[in-house]
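Step one of this worksheet: look at the structure below.
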Amino acid sequence: MPSIDFVITVDRTMMTNHHGKEFLGFMTTAPAVGMPEWLWMWICAPKPRVDELGRPLEAPYGLRKIEAALKRAGFRAEIIDPDELDKHLPHAKALMIGHHDFFAFCAPSNVWWAVTKREPVNRKYFIKLMESKPVRKFKERGGKIVIGGPAAWQWLHVEDLWDRWGVDIVIDGEAEKVIVDVAQKILNDEPLPRYIYVAPHEVPSIEEIPSIMGASVNGLVEIMRGCPRGCRFCSVTLRPLRYIPIDKIVEEIEVNKKFGIDHALLHSEDILLYGAYGVVPREDPLIKLHEAVISTGVGTVGWSHVSLAATVAAQREGKIVTKIMDLIKSGTGQKFIGVQTGIETGSPRLAKIIMPGKSAPYPPDKWPEIVEEAFRIMTENDIIPAATLILNLPEEKREDLDATVKLLERLREYPSLIVPMYFVPMGVLKNKKALLSFSIKPEHVDVMWMCLEHSLYWAPRLASMYLAENPVVKLAIRLFLKFVEWKKRSLERKVREILEEACRGKYMHKPVNE
Ligand code: SF4
């Protein structure tokens, strides 16, 4: 077996392709509901195919970037499935782990946790990984543990766990450049800093971002980094805007195709801003991008995120959305695409305070109208949004929630899923006492309930369009939705009870050892 110095991994909730359906990944942010945990995990996070070395066929894109950066610098690095670590950790120098939400502090995990009072599976499986036998033995032998990824900031709020699990270094920010220095230091046995923050001016340039060398989960490829909108609650906005050139995007799609992944999931905080003038979409780069992607011969094309304002702007400017969707439909034969988007609030007052750029190029006063127009454009063009709302935003008032309820009523007719997120102030995370007494506010219950009703109304219809090809998974999800339909009345009472209990202060962010 070839020796690997740098083993890159993550727990099962991320080391999976979600049966080829990214939306099923939402389930990994919640505890198992209405079924045993093993079945829940099997539906949303099946083990990927691995080779004889334990390398997964598909791996999270962020891990692929770290692997590529290390390999490009000449290091022996591989992504290894978490169930296969014992094959390599006895000889490895470092274990590198990247995650989107190590401790379920991010939305929507924190909402499900607060509402159900049970730990979401992402947190549970990450803890399980850190406490697994191969990882404990690796640490006893003196191996280094390197942590990174978009949720690296969470480690600043769990300092006791650094010692408990022997974490040597946490890298917070885009790591493609610094990981090479860190790896060299590890090989040289030099001391490591405990924490590296990659500031916006230190992020890698386009040339310094390596192309992936193995397949990414569901064919995800990045088309740009950063976002110009500047919402107050979002860290993406701190990162400078960089458009990945089309030839690099195509190169990564070809890598995925080489490994049999016949799907291109384009990733950006806002697909329609690729090549834009600020926040004004441009037809030329968008059409060129989609033509190039389709010309690779991929079977399907997906989008990760679009903003509602860019959807409206693109459609008003020469029906760009329709033109792109026509290209995708005629080029691949697919009938629709699903995409994530952010409503966040239905209140123009609050939008003006916390996300004044979100509605641009239109004024925040028009935010509810923009949201509804974007939902209409999406429906007319066979785009299914999974939208987020953020509750408990700073400076939120009762009148803002009333405006959100009104908007939700207007959105009912558009096929979509709407998921409530809960804003957890950093101060709460920093202070353990505040953390343990943090609660959902009673005034949020109505909005949460409306989101649930909206999503339950549309879920069965969307499920029949979207469900995984695997007939057993299909059946399991159908049965789950039937169960929800059947239990709707008692469920309504139960959910209201749970939400009201959650209001009475049972927020469950507890230290791991309690
Ligand atoms: S639009 Fe989205 S990605 Fe951009 S700053 Fe706002 S929340 Fe962040």
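The values are calculated or read from the model by the stated rules, or taken from the named source; none is laboratory data. Just so you know, these numbers come straight off a predicted model, no measurement behind them. So basically every Cβ, Gly included, is an ideal-geometry build from the backbone, and we count neighbours across all protein chains shown.
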(Q) Tell me yes or no: at least one residue of the stretch 378-385 is touching a residue at least 12 places away in the same chain (Cβ under 8 Å) and within 14 Å of the ligand (Cβ to nearest atom). (A) yes
Q: For residues that are in contact (Cβ under 8 Å) with a residue 60 or more places away in the chain and either within 13 Å of the ligand (Cβ to nearest atom) or acidic (D, E) (or both), tally how many sit in the stretch 352-370.
A: 7
Q.
Of the conditions (1) within 30 Å of V158 (Cβ to Cβ); (2) at pLDDT 90 or above, I418 satisfies every one except a single condition; which number is it?
A. (1)
(Q) within 16 Å of the ligand (Cβ to nearest atom), at pLDDT below 95 and in contact with a Ser or Thr (Cβ under 9 Å, 6 or more places away or on another chain): is that true of V424 in this structure? (A) no
**Q.** Which listed residue is within 24 Å of the chain's Cα centre (by Cα) and in contact (Cβ under 8 Å) with a residue 40 or more places away in the chain, from G297, G302
**A.** G302
Q: Output the residues belonging to the stretch 211-240 that are modelled with pLDDT of 85 or more, surrounded by 16 or more Cβ atoms within 10 Å (Cβ to Cβ) and within 16 Å of the ligand (Cβ to nearest atom).
A: E222, I223, M224, R225, G226, C227, R229, C231
Q: Just need a number here: residues in the stretch 210-230 that are assigned to a loop (DSSP other than H, G, I, E, B) and within 18 Å of A199 (Cα to Cα).
A: 4
Q | Cβ pairs under 7 Å, 6+ apart, first in the stretch 233-261 and under 20 Å from V217 (Cα atoms), second within 16 Å of the ligand (Cβ to nearest atom) | A | I244/E222; I244/I223; I244/M224; I249/I223
Q.
Restricting to the stretch 28-43, give me the number of residues that are buried (at least 23 other Cβ atoms within 10 Å of the Cβ) and either basic (K, R) or free of Cβ contacts under 8 Å to residues at least 60 places away in the same chain (or both).
A. 0
Q: Tell me which residues, restricted to the stretch 79-114, are crowded, with 23+ Cβ neighbours inside 10 Å, in contact with a strand residue (DSSP E or B) (Cβ under 7 Å, 6 or more places away or on another chain) and of a type outside the set (A, V, I, L, M, F, W, C).
A: D81, P82, H88, G98, N110
Q: Residues being assigned to a helix (DSSP H, G or I), surrounded by fewer than 19 Cβ atoms within 10 Å (Cβ to Cβ) and touching an Asp or Glu at 6+ places or on another chain (Cβ under 9 Å): count how many of those fall in the stretch 349-365.
A: 3
Q. Which one of these does K124 not meet: (1) in contact with a helix residue (DSSP H, G or I) (Cβ under 8 Å, 6 or more places away or on another chain); (2) at pLDDT 95 or above?
A. (1)
Q.
Looking only at helices (runs of 4 or more DSSP H) that lie completely in the stretch 13-121, which have at least 1 residues being hydroxyl-bearing (S, T, Y)?
A. 61-72, 109-116
Q. K335 is checked against (1) within 22 Å of K257 (Cα to Cα); (2) at pLDDT 95 or above; (3) surrounded by fewer than 16 Cβ atoms within 10 Å (Cβ to Cβ) and fails just one. What number does that condition carry?
A. (2)
Q. Got a sec? Which helices (runs of 4 or more DSSP H) wholly within the stretch 241-326 have at least 1 residues that are closer than 30 Å to P56 by Cβ and away from the ligand (no atom under 16 Å from the Cβ)?
A. 246-258, 283-295
Q.
Within the stretch 178-200, does at least one residue satisfy the condition of being closer than 22 Å to D270 by Cβ, within 16 Å of the ligand (Cβ to nearest atom) and surrounded by 19 or more Cβ atoms within 10 Å (Cβ to Cβ)?
A. no
Q) Which of (1) out of contact with any Cys (no Cβ under 8 Å at 6 or more places or on another chain); (2) not in a helix (DSSP H, G or I) is the odd one out, the single condition V371 does not satisfy? A) (2)
